[in-house]
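Undergrad: Have a look at the structure that comes next, please.
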Amino acid sequence: MRTSSRTRNRHFASFALLTSVTLLVTACGSGTDDAAGGSTAQAAARADKIPTQDVVSPIRKDASAAKLLPPGTRSLNVAISVSGSPPGTSYLADGKTLTGQDVDFADAVAKTLGIELKHESASFEAILPALDSGKYDFGASNFGVTDERRRTIDFVTYVNDGQGFATRTDSKLSKITELRQLCGLNVATAAGTTFEATLEANKKVCSEAGEKAYKVQTYSEQGAIWSSLQQGRSDVVMSTINGLRYAVAHQQGVKFLNEFHRLDVGFAFKKGSALTPAFRAAVNKLIADGTYGKILAKWGTKGSAISTSRISPPELKD
């Protein structure tokens, strides 16, 4: 049943304010510190109620994990994509400090290994290709571990997330168990992600069924994805399970449909990187001492816990 136009407009008006903030914050990814950027970040922090409890400072260096680092390793550069809303990466009130689940895990591993960490914001789709050139030492942006990516990238797993769907509350869509259910629809997703790859690789399911293909609409900013859905340009959103659950809990007029495919998520490294054994040991130390659980609790993602970290495991199959 469709909602009235008055109700729909009220939902969109509420969402539009949140989206305008999110879009502006995401645009601050270059790290500029102008006054406008700072005030935008402050508004976003208030609107999204970003958790700020410090779960990293108490961590102490673990000698057994640190000795696995390549000799002479004192500091590393990590590339992080700014999504604009928790549990993904966003900015704190100063307009400069990155925060989010990936940031906390990267910082926690660095503390465990006793090294300095320099955060560099980058677009999601640019991070993996830049690892091979040495521009970044590793990436931390909710990278799903797939067999395709493992051909050129090494991973150290730290959570389990995956793919899911969301739509408007007035949509007749229900649980999506196969992509054929999307035939004839417009599907919004983030550029350069496993979601885009999955959708593009499976368009044939529609033609094989004699139905009109779905259209994949890609965006580089999360705010643009939700705006497209709310304004009716898209029919459904495919994104991370944790990101979707957070988004629907903080917006009117949208609903989470279901999980579609679970994936391990890991720090991304250049193929053959000597850093992976130390990072795996550090994650496992955090799991053992309870810090890991505190980070998940902070971001409301306890359902993404793993029991042990692994290096480039095979892609999870349903």
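Undergrad: How many angstrom lie between the Cα centre of the range 187-246 and the Cα centre of the range 293-318?
TA: 24 Å
Undergrad: Among F269, F279, F195, which comes first, then next, by fewest other beta-carbon atoms within 10 Å?
TA: Details: F269 22, F279 30, F195 26.
Ascending Cβ contact count within 10 Å gives the list F269, F195, F279.
Undergrad: Of the cross-linked pairs K215/K317; K111/K255; K118/K294, which ones have a Cα-Cα span greater than 30 Å in the structure shown?
TA: Numbers: K215/K317 25 Å; K111/K255 38 Å; K118/K294 23 Å.
Long pairs (Cα-Cα over 30 Å): K111/K255.
Undergrad: How many nm separate the modelled label positions at I311 and A297, each set 7 Å beyond the Cα in the direction of the Cβ?
TA: Placing both labels 7 Å along Cα→Cβ, they lie 3.2 nm apart.
Undergrad: Report the convex hull volume per residue for the range 163-261, counting only C-alpha atoms, in Å³. Each step should come with its number before you reach the end.
TA: Values: hull volume 8.3 nm³, N = 99.
For the range 163-261, the hull spanned by Cα atoms encloses 84 Å³ per residue.
Undergrad: Could you line up K111, K294 from fewest to most neighbouring Cβ atoms inside 10 Å?
TA: Details: K111 20, K294 16.
Fewest-to-most ranking of K111, K294: K294, K111.
Undergrad: Based only on other Cβ atoms within 10 Å, what is the fewest-to-most ordering of W299, W226?
TA: Details: W299 23, W226 29.
Final ranking by Cβ density, sparse to dense: W299, W226.
Throughout, read-outs are computed from the coordinates displayed, never taken from laboratory work. On a predicted model such as this, the values are computed, not experimentally measured, just so you know. With ideal geometry, Cβ positions are generated from the backbone for all residues, glycine too; neighbour counts draw on all protein chains shown.
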